[in-house]
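Here is the structure we will look at, set down as structure tokens.
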Amino acid sequence: MTNLEQFTPLFHPRTIAVVGASATTVSGGNRFIRNLRDFGYTGHIVPIHPTAAEVEGLKAYRSLADVPGEVDYAYVAVSACVAPDVLRSGRDKVKFAQVMSSGFGETEDGAALESDLVAAAREAGTRLIGPNCLGVYSPAGRVTFTEKTLAESGTVGIVCQSGGLGIDIIRRGQSKGLRFSGLVTIGNAADLGAAELVEFMLEDPTTKVIGLYLEGTREGRRLFEVLRQANARKPIVLLKGGRTSQGQRAAASHTGALAGSQRAWEALSRQTGMPLVDTLDEFLDSLLTLQCLTPRATASSRAVLFGNGGGTSVLGTDAFDRAGFVIAAFDSHTLATLKALSLPAGASVANPIDVPAGALQQDDGRVAERIISAVAASGVAEVLVIHVNMTVILGFRHVDMLGNIINAALRVRETDLTGMHIALVLRSDGDAETEERKRNCRIRAIESGVPVYDELAQAAKGLSSLRMVEAFRARI
Amino acid sequence: MHEQVALALRAARESGQHALDEPTGKKILHAVGICVPRSVVIEAGMDAHAALVGLKPPLALKVVATSVIHKSEVGGVKLNLRNGADVISAIADLTQSLQARDIKAEAWLIEEMAPQGVEVVVGGTLDPEFGPMVMVGIGGVFVEVLKDIAFRICPITERDARDMLDELKGASLLHGARGSEPVNIEAIVEVLLCVGGDGGLLMSSNDEISEIDINPLIVSRQSAVAVDARFILKETGAKA
């Protein structure tokens, strides 16, 4: 069986058994069933209940053993001590069982129970996911484990050791414009680990970018070999939890992570061309960058910043410098072209290009297109970052300056032969009206393959992840 | 595993040691292709004169004692000895000063001193998650105070080895900073591959070696010489 065939039942299950849904109250299992239905899941949902005939209006079975036919995926949310027997009862029937319960290897005396759980899964011929996790999200398979997840599927595949953070990744990620091919929370990863899922996602044609949140690994050698073999052919971003000694203690009690050397994770990142990031937002921004932009054949290290705001241009230049970019100088021809635009006093046409909002509205905002064209034609940079102070821009109500700038960027990209990356920073003041505009612009830009960030520093970080992947591939 | 390495590890284990003595460690390094100083080992109480024939001064004298891991910390090393008479009087001095610390020399290692150069540290460890790892740093304050060290998971490629050196903040010292000569980068890369490469010491020792510390590896324009080597074996729990 190929990797793809092996994991199809997990991401496209035809039958889902739910162990731990109540006939009288609303437990985790009940919420899972409700979320599945809300999400439009069309397969069979089979509740398992020791006594009730019906759960959530669905016919219930006494045991996994009583379910007619195969179960692709079993959602198990029962107390830890009975979980091994639940798995045993599904012998030769259940392909994947995800055990949400905690109280296993992450606790002081749960190690034996975890070993028993793994043994039970092996006896039953079931692949175990977890324990101590939350579920699987597969928009194409209409499977989810939480509310308000988008049904629209995308290209980003996630392996997340933490359940709760998995929800953050989906929810905050989709607000930022990420679209997922799938997400699996693996908790203690007692059986199915990150390496195998990465192998699957590397083969899965719908996944273009992979994100990993890990706190530790029990299969470091295999993970290293899989990633090394992959040679960054699909970009992979790593968010590693527990990289400080105090964080490591927290990780040990969260997912039972081993106390490994953080140097090893840094080495793993460098040896496999996998950007290693520190925060959830850096993770999401890096994934968004790689979702939108296709890595170039050489490292994108020269950037042009263009926007309104002098102080922001200076801070942005600092952020890009720190992130390892060169804010490239224009050649004399490009400078002459930009000067010929006769921008008003206060504008600066050197890089960073700082043009006040008032000047950008000239000619219905067409001046932006001329600037972007000149930058593209100059060939001095592989990255153009357009940043907009929305508070100021939206003050000019008679003209859709923001829309014009985005349109200009997209038009220039159509004809640009240099393949320059274009990114957009929409700087908001948090005002409801501004946020609303920002949301709409963000969706439009991202659908057109332009990543959108909240600040220049975030853009610098996200784009530096892209640069790392490019630099790694360029040296293969 | 290299036969000589396997034999040395087995012998150490059978005699209940958790570390290899320096002459054995250096034999292993030599066997896998790492330069070590030309040397002789004489048993305690034996005459040094005859043994020294063929060694080119200046010489270094080091105590060999199973109980001693850090020789210089217990004053078990004398450097820059010019001839046999120097060596014999140094042995007498050290015997006495070590006795005061209750250390009994089992043997003496007498080595040619390596040509001057930059002191580099090359090490190997077993990471609980990823297994064998190799490290490199520049000796002295760079490693000890600034923790300017680069690590890689084994097996490393030649590219990894070069990246490790480039990653060091003190890399310019290797390229000839402050008017000094650039050192032999190729020789360091070679040592890193012998320790951490495919088929290198760490990958072929079946995780029996829990720690290797080549400190210093003295790198000059010509060569990289392992001047001291410490091998710690993995605790098996079983005592021989």
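No lab work stands behind these numbers, since they all come straight from the coordinates. Everything numeric in this text was worked out from a predicted model, so none of it was measured. Note: ideal-geometry Cβ built from the backbone for every residue, glycine included; neighbour counts use all protein chains shown.
With an 8 Å cut-off on Cα pairs and a minimum separation of 6 or more residues, tell me the relative contact order of chain B in percent.
RCO, chain B: 24 percent.
Taking a cut-off of 29 Å between Cα atoms, list the lysines near A:LYS461, but don't count ones fewer than 8 places away on the same chain.
Here the lysines satisfying the reach criterion relative to A:LYS461 are A:LYS148, A:LYS176, A:LYS208, A:LYS234, A:LYS240, A:LYS438, B:LYS147, B:LYS169.
Quantify how much of the Cα-Cα distance distribution of segment A:319-373 extends past 16 Å, in percent.
Result: 45 percent of Cα pairs exceed 16 Å.
Given R₀ = 51 Å, what would the calculated FRET efficiency be for B:ARG10 paired with B:ARG82, taking r from the Cβ atoms and rounding to 0.05?
Approximately 0.85, to the nearest 0.05.
Which whole number gives the average, over all residues in B:119-127, of C-beta atoms from other chains lying within 10 Å of the residue C-beta?
Whole-number average of other-chain Cβ neighbours for B:119-127 is 1.
Which of A:ASP285, A:ASP85 comes first, and how do the rest follow, when ranked by fewest Cβ neighbours within 10 Å?
Starting with the residue having the fewest Cβ neighbours, the order is A:ASP85, A:ASP285.
Fully extended, how many nm does the chain gain between A:SER342 and A:ALA65 (0.36 nm per residue separation, minus their Cα-Cα distance)?
Result for the pair: 91.9 nm of gain on full extension.
Take A:ARG179, A:ARG467, A:ARG233 and order them by how many other Cβ atoms sit within 10 Å, fewest up front.
By the 10 Å Cβ count, ascending: A:ARG233, A:ARG179, A:ARG467.
Over segment B:1-107, what relative contact order in percent results from Cα pairs under 8 Å that are six or more residues apart?
The normalised contact order for segment B:1-107 reaches 25 percent.
From the convex hull of the Cα coordinates of segment B:118-233, what is the mean projected area in square nanometres?
Average projection, Cα convex hull of segment B:118-233: 6.6 nm².
State the antiparallel share, in %, of DSSP beta bridges confined to segment A:1-142, rounding to the nearest 5.
Here the antiparallel bridges make up roughly 10 percent for segment A:1-142.
For chain A, what's the relative contact order in percent, using C-alpha pairs closer than 8 Å and at least 6 residues apart?
Dividing the mean separation by the residue count of chain A yields 11 percent.
Quick one: give the max-minus-min coordinate of the C-alpha atoms of segment A:327-476 along each principal axis, largest first, in Å.
51, 36, 25
Taking chain B as a Gaussian network, Cα atoms linked when under 10 Å apart, which of B:PHE130, B:PHE151, B:PHE142 shows the biggest mean-square fluctuation?
B:PHE130
Quick check on segment A:251-342: what does the Kirkwood estimate of hydrodynamic radius come out to from the alpha carbon pairs, in Å?
Averaging 1/r across every pair of different Cα atoms and inverting gives 17.1 Å.
For segment A:55-134, what does the equivalent ellipsoid look like in terms of its semi-axes, each the square root of 5 times an eigenvalue of the Cα gyration tensor, given largest first in whole Å?
With the √(5λ) rule applied to segment A:55-134, the semi-axes are 22, 14, 10 Å.
Roughly how crowded by other chains is peptide A:36-46, in terms of the mean Cβ count from those chains within 10 Å of each of its Cβ atoms?
0
Report, in deg cm²/dmol and to the nearest 500, the calculated mean residue ellipticity at 222 nm for chain A, where each DSSP H run with n ≥ 4 adds -39500 (n - 2.57) and the sum is divided by the residue count.
-13500 deg cm²/dmol
Would you tell me the mean number of C-beta atoms belonging to other protein chains that fall within 10 Å of each C-beta in A:266-273, as a whole number?
Across the residues of A:266-273, the mean count of other-chain Cβ atoms within 10 Å is 5.
Going through the DSSP H helices of chain B, which span 15 Å or more along their own axis at the Cα atoms while scoring at least 1.0 as a mean Kyte-Doolittle hydropathy?
Membrane-span-like by this rule: B:185-196.
For segment A:147-226, what class follows from the C-alpha gyration tensor (a ≥ b ≥ c being the square roots of its eigenvalues): rounded when a/c is under 1.5, otherwise prolate if a/b is larger than b/c, else oblate?
Cα axes put segment A:147-226 in the oblate bin.
For segment A:396-401, take each phi angle, set θ = phi - 60°, evaluate the Karplus expression 6.51 cos²θ - 1.76 cosθ + 1.60, and give the result in whole Hz per residue in order, putting x for glycine and proline.
Calculated HN-Hα couplings, in order: 8, 6, 7, 9, 7, 4 Hz.
Over all directions, what mean area does the Cα convex hull of segment A:392-476 project, stated in square nanometres?
If I average the Cα hull's projected area over directions, I get 6.6 nm².
Let me know the Rg and Dmax you get for chain B when you use only its Cα atoms, in Å.
Computed over the Cα atoms of chain B, radius of gyration and Dmax are 18.0, 53 Å.
How far is helix A:362-378 tilted off the main Cα axis of chain A, in degrees rounded to 10, range 0 to 90?
80 degrees
Specify the inter-centroid distance of segment B:167-196 and segment A:306-368, based on alpha-carbon positions, in whole Å.
Comparing the Cα centres of segment B:167-196 and segment A:306-368, I get a distance of 42 Å.
Taking R0 as 22 Å, what FRET efficiency do you get between A:ARG172 and A:VAL26 from their Cβ-Cβ distance, rounded to the nearest 0.05?
For A:ARG172 and A:VAL26, the calculated efficiency is 0.30.
Using bins 20 angstrom wide from zero, how does P(r) for the protein assembly as shown break down, in % of all Cα pairs?
Final binned percentages: 15, 37, 31, 15, 2, 0.
Counting only Cα, what are the radius of gyration and maximum Cα-Cα distance Dmax of segment A:3-129, in Å?
14.0, 41
Just the Cα atoms of segment A:368-418, one point each, no solvent: what log10 I(q)/I(0) does Debye give at q = 0.24, 0.26 Å⁻¹?
For segment A:368-418, the Cα-only Debye profile gives -0.90, -0.99.
Where in segment A:274-293 does the label zone of A:ALA250 land, with the point 7 angstrom along Cα→C-beta and an amide N cut-off under 20 Å?
A:276-285
Excluding A:GLY187 itself, calculate the net charge of residues whose Cβ lies under 13 Å from the Cβ of A:GLY187, where each Lys or Arg counts +1 and each Asp or Glu counts -1.
-3
B:LYS104: which lysines have alpha carbons under 16 Å from its alpha carbon, excluding same-chain residues fewer than 8 sequence positions away?
B:LYS104 reaches B:LYS62, B:LYS71.
Semi-axes, largest first, in whole Å: what does sqrt of 5 times each Cα gyration tensor eigenvalue give for segment A:136-292?
Over the Cα atoms of segment A:136-292, the semi-axes work out to 23, 17, 14 Å.
In whole Hz, what ³J(HN,Hα) sequence does segment A:299-313 give by Karplus (6.51, -1.76, 1.60; θ = phi - 60°), x for Gly and Pro?
Couplings: 5, 7, 10, 10, 10, 10, 9, 9, x, 10, x, x, x, 5, 4 Hz.
Size of segment B:41-104 along its principal axes in angstrom, Cα-based, largest extent first?
Extents along the principal axes: 31, 21, 18 Å.
Can you show me the helix-derived [θ] at 222 nm for chain B, built from DSSP H runs with n ≥ 4 at -39,500 (n - 2.57) apiece and divided by the number of residues, rounded to the nearest 500.
Calculated from helices alone, the mean residue ellipticity at 222 nm is -8500 deg cm²/dmol.
Give me A:LEU338, A:LEU417 sorted ascending by neighbouring Cβ count inside 10 Å, so fewest comes first.
Lowest to highest Cβ neighbour count: A:LEU417, A:LEU338.
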